[in-house]
Amino acid sequence: MHIMRDPYIIRRRAVIAGALLTAMALSGCGHIEPWVKPYERAALADPIMSMDPNPVSSAYTHHVYEAREGARGALGGAGGGCGCN
Amino acid sequence: MKDFVEKWAQCLALLVGLWALPQSTYAAVLPEDRADLLYHRYEGGGVKIDGPSLLVRKKFAEKYSVSANYYVDMVSSASIDVLTTASPYKEERKQESLGVTYLRGKSTYSLDYSNSKENDYTANTASFGLSQDLFGDLTTLSLGFSRGWDEVSKRGDAVFAEKTDRRSYRAGLSQIITKSLIMSAGLEVITDEGFLNNPYRSVRYIDLASGNGFSYQAELYPRTRTSSAASLDARYYLPYRAALHGGVRYFTDTWGITSETGEIGYIHPTKGAWTFETSVRYYGQTKADFYSDLFPRRTFQNFLARDKELSTFTSGSLRLGASYDFARSGWRWVKKGSVNFYYDRMEFDYDDFRNIYNQSGTPPGTEPLYSFGANVFQIFMSVWF
């Protein structure tokens, strides 16, 4: 098996990536001045800017993709089971 | 055992670290109190799947949010795989999920459990997630872990019983870039172990003794699979109140599949109660190492697959959507509501999966390549309360 596809190495890299993200977050917390102030976030608070405005619909859409495609993950939450024959 | 202890120690360290973050006056928020009732319908490639989905979320004591989801797939299948090796069938899948989210300062912690049942497949999934707002709430970091236990059986075979163990590790980062731009990145690693193929599907191989030149044998997949997916999404607010969004995803796994996904969309609210949206999505993948449309002989290699989902193919889809807001100033206990309609047209084109249905007389391996289109409808009503 190719070393790049070794499940142990992939899992280990994921854990290290998570630890690095957390470490970066912890070390920087409270020291960065927000460059977009809370009162400047009116546009970002608009419902059309929500990354997942309708969870019931996105869960279904992701289920359709995952049943028809070989790829999976990094789409947000989706249910188990298949229904894919 | 050492690896197991080390992995859990790392996870525990992450949790303790995040729990210990100082609480501030800016707080994260719980999901809104909301109920959604959806009807979904998928038609394509000889398969029809429809059913309802009900999702309800409610906050308690300003610190907790509880969610429940009931979802049904009613499947009627005469797909190309079924037509060539089996008989059309009907079945039903029901999924029930329960979740609770706890808010503490700038952090949320969530626990979810779901159970999915078909007559030949049961899936149980437990998930834990946390998210933390950072840097004046410009950044949200989220981490998640899921564990799944599946039981696989086979219609007409009382002795067949297999299990699958699933684990998913997720990390996400959402970042406000400017007053009009937000971006998010996601990483998910999934490992599966156990029975991973479909007990009803077959591969075909050249058999000159057979009338049509080929025969079938049961497919056989490896018993482990690990995949990694990384995504990047962006959403941009246009000055006349509209939004552009787009995203890409790259995927690779230990079966040799790699894929790319790209999507771009536009949302346009009118001055009245309507919102219209459209998006296009591209998906392309390479085949699994052990996939072939036609093997040279029986048991040609140790792992065998002819699932079209593991072949080389591309797909494109177009979405059209419309939403209508009602009770915008509230009505009794309802704060607001909306009715939504989405239509997706999907096209699948396979590069190495051939259409062998009704192809008698055609030499094996020269049949036309398979392709199909699907229509997907969603209509749902949402009420905020």
Original post:
From Cα coordinates alone, what are the radius of gyration and Dmax values for segment B:2-384 in angstrom?
Top reply: 23.7, 78
**OP:** Enumerate the aspartates and glutamates that B:Lys106 could reach by cross-link, defined here as Cα to Cα under 14 Å, with residues fewer than 8 away along the same chain left out.
**Re:** B:Glu62, B:Asp133, B:Asp137
Original post:
Given the options B:Asp36, B:Asp133, B:Asp207, which has the most mean-square fluctuation in a GNM of chain B, springs set between C-alpha atoms less than 10 angstrom apart?
Top reply: B:Asp207
Subject >> Cα centroid of segment B:352-373 to Cα centroid of segment B:103-151, whole Å >> reply: 42 Å
**OP:** Give the whole-number value, in cubic angstrom per residue, of the convex hull volume spanned by the C-alpha atoms of segment B:31-115.
**Re:** 110 Å³
Original post:
Under a 1.4 Å probe, what is the accessible area of segment B:141-193 per residue, stated in Å²?
Top reply: 48 Å²
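To the nearest 100 Å², how much accessible surface do chains B and A hide from each other in total, with a 1.4 Å probe?
Numbers: alone 21350 and 7800 Å², together 22550 Å².
About 6600 Å² of accessible surface is lost on pairing.
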Original post:
Which whole-Hz ³J(HN,Hα) couplings does segment A:40-52 yield from phi under the Karplus relation 6.51 cos²θ - 1.76 cosθ + 1.60, θ = phi - 60°, glycine and proline marked x?
Top reply: 9, 9, 4, 5, 5, 7, 5, x, 5, 9, 6, 5, 9
**OP:** Just the number, please: Stokes-Einstein D of segment B:108-189 in µm²/s, Kirkwood Rh from C-alpha pairs, 10 °C, 1.306 mPa s.
**Re:** 104 µm²/s
**OP:** Enumerate the calculated ³J(HN,Hα) couplings along segment B:262-276 in order (Karplus 6.51 cos²θ - 1.76 cosθ + 1.60, θ = phi - 60°), each rounded to whole Hz, writing x wherever the residue is Gly or Pro.
**Re:** x, 9, 9, x, 9, 10, 10, x, 8, 6, x, 9, 9, 10, 10
Original post:
What translational D, rounded to a whole number of µm²/s, comes out for segment B:146-243 from Stokes-Einstein when the hydrodynamic radius is the Kirkwood one over Cα pairs, at 20 °C and 1.002 mPa s?
Top reply: 119 µm²/s
**OP:** Among the aspartates and glutamates, select those whose C-alpha is under 13 Å from the C-alpha of B:Lys117, and discard any that sit fewer than 8 residues away in the same chain.
**Re:** B:Asp73, B:Glu91, B:Glu92, B:Glu96, B:Asp150, B:Glu151
Subject >> For segment B:82-98, Karplus couplings with θ = phi - 60° (6.51, -1.76, 1.60), whole Hz, Gly/Pro x >> reply: 6, 5, 7, 10, 8, 10, x, 9, 10, 7, 10, 10, 10, 10, 10, 9, 9
Original post:
Among all the aspartates and glutamates, which ones have a C-alpha under 12 Å from B:Lys154's C-alpha, if same-chain residues fewer than 8 places away are not counted?
Top reply: B:Glu118, B:Asp120, B:Glu162
**OP:** Kindly give the semi-axes, whole Å and largest first, of the ellipsoid equivalent to segment B:283-385, taking each as the square root of 5 times a Cα gyration tensor eigenvalue.
**Re:** 47, 15, 10
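Share of Cα-Cα pairs in the protein assembly as shown beyond 28 Å, in percent? Each step should come with its number before you reach the end.
Working: 61373 of 110215 pairs.
Tail of P(r) above 28 Å: 56 percent of Cα pairs.
The values are calculated or read from the model by the stated rules, or taken from the named source; none is laboratory data. As the structure is a computational prediction, the values presented were derived from the model and not from experiment. These accessible areas exclude ligands, DNA and RNA; they are computed on the full protein's heavy atoms, side chains included. Shrake-Rupley method; radii C 1.70, N 1.55, O 1.52, S 1.80 Å.
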